[in-house]
Structures are given as C-alpha cells and as structure tokens.
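Reviewing the structure listed below.
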Amino acid sequence: MLSEIVYPEHIEIALAKIEALLADEKENSLSKNYPISKRSIALLLLQKDSEFWQKIKQDERLAREIEEVIATAESQVNEPLSTAIATARQQLAWAIEKKVLSEPTNQKNLLTERLHQLTVNPITGFPLLILILYYGVYKFVGEFGAGTLVDIIETFFEENINPNINHLVAQIFPWVPLQDLIANEYGIITLGIRYAVAIVLPVVATFFLMFSFLEDSGYLPRLSLMLDRLFKFLGLSGRAVIPMVLGLGCDTMATMVTRTLETKRERLIATFLLSLAVPCAAQWGVIIGLLAQNPLALLIWGGFITGIFIIVGYLIAKLIPGKQAGFYMEIPPLRIPKLQNILVKTWVRMKWYFLEILPLFIWASIFIWIGRLTGLFNVIIKGIEPLALGLGLPREAAPIFLYGFFRRDYGAAGLFDLQQKGIFSGNQLLITAIILTLFLPCIAQFQIMVKEQGLKSSLAIIAFILPFAFLMGYIMKVVLNVLGVNL
C-alpha cells in the first residue's frame, strides 16, 4: 500500500484552509465538474494551475481568500511552493524505490548518483562545462584540429599537391580559363578541395570526435537539464540544447534535429538562433585557431557572440506568440564512453558531412570561376569593397564575404588564407570574425530551413541576418575605436 504524501507543515496548513474554503462555498462547482478530491484541487490551486484559477476567479471573494492563504504559505516557505511540492513527491518516490528494489552494487550507484548531481547542479555544472569547453573545444578542436592538423595538411597541399596540379594542368590544357577552373588560385582542386580537405575536414573531425565522446558518456542530456532554466529565458526548453550543441558541428544537421522540439514556436526560435549565432565547427574552429594568438580578441569574440545569442533570443521569444514548451527527457546513466561507439558515431557523421560539403565546395569553385570569367565576380567584389572599407577592413576582405554567401565555412577558410598572408590587423580580424559568424546560413542549411519552416519564414530570417551581421561588425569597430583598443 502506498504511503500518503506529507508536505511541509506550512503547505499542509494551506491545503487544509483551501479545502475548507472549497467545502464551505456551496455554489462552487469545481468539485462537481472535476472527479478529483478537494485536496488535489487545493494542490493545483497552490501551484497556480491556470485552468483552475480561471474557474476560481469567477467568485472574486473565494479567489481573494485563496490568494491570501497562498501568500501566507509563500512567505513561510523558503522556496517556491511548486518546488517544495515536487521535492516532497520525489522523496516519497525514492522511499518507495528503496523498498521495492535491491541494489547489490550500491557503491557504484552512489558514485554515479554523485557524478550526476555534479553535472546538473549549476554550482558545479557550470565550472565543469567551462572545463569541457576549454579542453574539448579550445584545446582539442581549436588548437589541435584548427591549428596543428590544419597546418600540417595545408602545408602538404601548398608544397606538394597544388604546385604539381598547377604544372600538370598547364601541360594538359593550353587554354588558361580552363586551367583556372581546375587549378591556380581559384581552381576546383587547388581551392575547393583544398578548403574542404585541408581546412574544414580536420576541424569537423575533431569536433565530431569530441561530440561523440560526450554523447556516449551520457553528459549531453544532463547539460540539457542544467541549462533548461536559461533556455526558457530564450523561449526554448532544455531539449533545445541538443540541436544547439550539434549546430557547433553542422548547422544543417542541427536544423533537421529541431523537428524533435515540442512546439512550432520553439522550432522557429531554435532555427533562427542556429542561423544567426551558432557557427559550424569549420567556421568557429578556424576562427578560434586564428584568434588563439590573441586571447583578448578571442574572449571579446566569444563574449560578443554569446551576448547576441542571449539578447536576440530573449527578444525574439517576446515577439513570437505561443505557449512555453515543457521539458521532458529521459536521462541515461553516466558511463565510461566506449571507443568503438565513439569511432562509429564519428565516422557516420563525418561521412554524411563530407559527402554534403565536398560537392558544395566544388560548386562554389565553379561559380567563382564563372564569375571571374564573365567579370560578374569582380563587379560584385567592387560593390562589396566600399562596405568592407567602411568597416575599417582592407579591400582584400571583400571576396571572403562573397565566399561566405556560398558557405559559411568557405568564407572562414578564405579568412584563414588572408590571415596567413598577414593582411589583417588584430582589430580587423576580430571584426571580420564577428561578421562571418553572424553571416548568412549556407546553401544546404537554407534548403533545410525552407523544408522545416517554409520559404516565407526562411526569407524573413535571412532578411534580418544579412544587415544585422554587418551592423554588429560596425558597432564593434566603433567600440574598439572609442575605447582605444588595439588587439
């Protein structure tokens, strides 16, 4: 036989008073219309259930008396009444569990439970998250993936592959425009495939390896639980943490995953934030790799983008009507990740991602070749140059914004090339990194956006993002100048 739930003394007193008020009110129809006990109705009223409060407000005197009882209880309990009620229920559930379950390996379960509490408690969970971001993102993906691995593969391309390809193509094709399609500065192999393999692939591979490690350990659902309150501030629930984290690998894949969110409003907000302020692995990996040489610039970039994510998310949540999403998620046990699982998950994601981006990089090279051959490419760059100069950037920055139109990570790869040539100052690199981070979603992501949200909503998102990205770059330029900061 199950035990009756006993709530804290002040809540029990409030329940008794509300039950008495409901019993004394002869004309009250709550008990008649709902086949539940007066105690259950009193509990719902204590937790400000909207449906029952609408019924109670029909009797102003009764509603006023119940509000006085609730106010008294709230002043005597050191936490929200709904939290105290939920805690009492959870304690009873644990007591019942202990009676009906036997746990032969108690020490192991106790350790797992302690680790669980460390990951979901904000006091310990946020420092743990910072450690994961520092070692997993900054050190492993940023320094090792976007730094060491990219340098090795990029050097191999520059010293061995590109010169040989340029020489071979020149021998086979006497027509210079055809040579430019395959080789030279903007060729399919020397630019498109080099960007995809030498710059994007190492960053994406290291990110998916880290993501698979966290996923197999059971940490990501706990991260969702810890960040649920923050995400509710943005009109989302903790469940949205998964597509947001996945978006740090590939925004296209993450936009597809938003369909798992509960409401249409939540899916729209998540899609908007993914398009605006969540850079893909190749993009932020390259940016971190470039800004890592100047920790202050990296800190400003990270803080600025995070601030935009939170502020714009809060404002868009206020503008879009709809009901706040609930949050229910199964929490798997924590465990030591299995190497085979990590490698399989990484391989599957890498295969999907690489098969998606390689053709797009090739097409981007073809479009650039057509643009240069027809003169359209130069016309567009000439049109972008005044915008770049107005932002305090060199003329050479104009093409990378055009690259970013084809793919965000293509633009980031172009930024890497220019920085290797020493064209940017520290301030200019920071401003360009901010604009590219907030820039238009790539073609593949836009296609998924249209499929998930419709053409009208997708075009509205792009119409906001394009001028907003350049506006934020200009604001950063002004702030740096006013403060006299030289990075």
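The values are calculated or read from the model by the stated rules, or taken from the named source; none is laboratory data. Predicted, not measured: the structure shown is a model, and the values here were computed from it. Counting neighbours? That spans all protein chains shown, and the Cβs are built from the backbone with ideal geometry, glycine included.
Results, tabulated for the structure shown:
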read-out: Residue in the range 229-241 that is closer than 30 Å to residue 150 by Cβ and either out of contact with any helix residue (DSSP H, G or I) (no Cβ under 7 Å at 6 or more places or on another chain) or buried (at least 19 other Cβ atoms within 10 Å of the Cβ) (or both) present; value: yes
read-out: Check on residue 149, more than 30 Å from residue 209 (Cβ to Cβ) and surrounded by 13 or more Cβ atoms within 10 Å (Cβ to Cβ); value: no
read-out: Helices (runs of 4 or more DSSP H) enclosed by the range 386-475 - at least 1 residues per element that are out of contact with any strand residue (DSSP E or B) (no Cβ under 8 Å at 6 or more places or on another chain) and farther than 22 Å from residue 281 by Cα; value: 398-406, 426-437, 443-453
read-out: Filter result for residue 271 (crowded, with 23+ Cβ neighbours inside 10 Å, within 18 Å of residue 357 (Cα to Cα) and not acidic (Asp, Glu)); value: no
read-out: Residues (within 21 Å of residue 295 (Cα to Cα) and surrounded by fewer than 22 Cβ atoms within 10 Å (Cβ to Cβ)) located in the range 432-475; value: 472, 475
read-out: Filtered residue count, the range 357-391, keeping only those that are small (Gly, Ala, Ser) and without any contact (Cβ under 8 Å) to a residue 24 or more places away in the chain; value: 4
read-out: Criterion: part of a loop (DSSP other than H, G, I, E, B) and in the same structural domain as residue 273 (by TED's automatic domain parsing) - qualifying residue of 322, 313; value: 322
read-out: Residue list for the range 193-222, filter: small (Gly, Ala, Ser), at pLDDT below 85 and surrounded by fewer than 24 Cβ atoms within 10 Å (Cβ to Cβ); value: 198
read-out: From the options 413, 460, residue that is at pLDDT 85 or above and either aliphatic (A, V, I, L, M) or in contact with an Asp or Glu (Cβ under 6 Å, 6 or more places away or on another chain) (or both); value: 460
read-out: Any hit, the range 259-266, residues being in the same structural domain as residue 442 (by TED's automatic domain parsing), part of a helix (DSSP H, G or I) and touching a Ser or Thr at 6+ places or on another chain (Cβ under 8 Å); value: yes
read-out: Residue 271 being in contact with a Pro (Cβ under 7 Å, 6 or more places away or on another chain), at pLDDT 85 or above, assigned by TED's automatic domain parsing to the domain that holds residue 353 and of a type in the set (Ser, Thr, Tyr); value: no
read-out: Test: residue in the range 338-346 that is under 16 Å from the mean Cα position of the chain (by Cα), part of a helix (DSSP H, G or I), in contact (Cβ under 8 Å) with a residue 60 or more places away in the chain and crowded, with 16+ Cβ neighbours inside 10 Å; value: no
read-out: Candidates 300, 287, filtered to the one that is closer than 14 Å to residue 434 by Cβ, modelled with pLDDT under 90, surrounded by 13 or more Cβ atoms within 10 Å (Cβ to Cβ) and not hydroxyl-bearing (Ser, Thr, Tyr); value: 287
read-out: Count - residues of the range 402-432 that are closer than 27 Å to residue 268 by Cβ and hydrophobic (A, V, I, L, M, F, W, C); value: 3
read-out: 3 or more residues touching a helix residue (DSSP H, G or I) at 6+ places or on another chain (Cβ under 9 Å) and farther than 30 Å from residue 23 by Cβ: qualifying helices (runs of 4 or more DSSP H) within the range 63-177; value: 106-120, 122-132, 150-156, 162-172
read-out: Only one of 400, 342 that is at pLDDT 85 or above, hydrophobic (A, V, I, L, M, F, W, C) and touching a Leu at 6+ places or on another chain (Cβ under 9 Å); value: 342
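A quick yes/no check of all residues on (1) among the charged types (D, E, K, R); (2) touching a Leu at 6+ places or on another chain (Cβ under 7 Å); (3) modelled with pLDDT of 80 or more:
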| site | (1), (2), (3) |
| --- | --- |
| 13 | no, no, yes |
| 17 | yes, no, yes |
| 35 | no, no, no |
| 40 | no, no, yes |
| 56 | no, yes, no |
| 69 | no, no, yes |
| 92 | no, no, yes |
| 110 | no, no, no |
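Table: residues versus (1) out of contact with any helix residue (DSSP H, G or I) (no Cβ under 8 Å at 6 or more places or on another chain); (2) surrounded by 18 or more Cβ atoms within 10 Å (Cβ to Cβ).
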| site | (1), (2) |
| --- | --- |
| 375 | yes, no |
| 379 | yes, no |
| 388 | no, yes |
| 392 | no, yes |
| 399 | no, yes |
| 412 | no, yes |
| 417 | yes, yes |
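Residue-by-condition table, conditions (1) surrounded by 12 or more Cβ atoms within 10 Å (Cβ to Cβ); (2) more than 30 Å from residue 246 (Cβ to Cβ); (3) assigned by TED's automatic domain parsing to the domain that holds residue 20:
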{"residue": "78", "(1), (2), (3)": "no, yes, yes"}
{"residue": "84", "(1), (2), (3)": "yes, yes, yes"}
{"residue": "130", "(1), (2), (3)": "no, no, no"}
{"residue": "137", "(1), (2), (3)": "yes, no, no"}
{"residue": "143", "(1), (2), (3)": "yes, no, no"}
{"residue": "154", "(1), (2), (3)": "yes, no, no"}
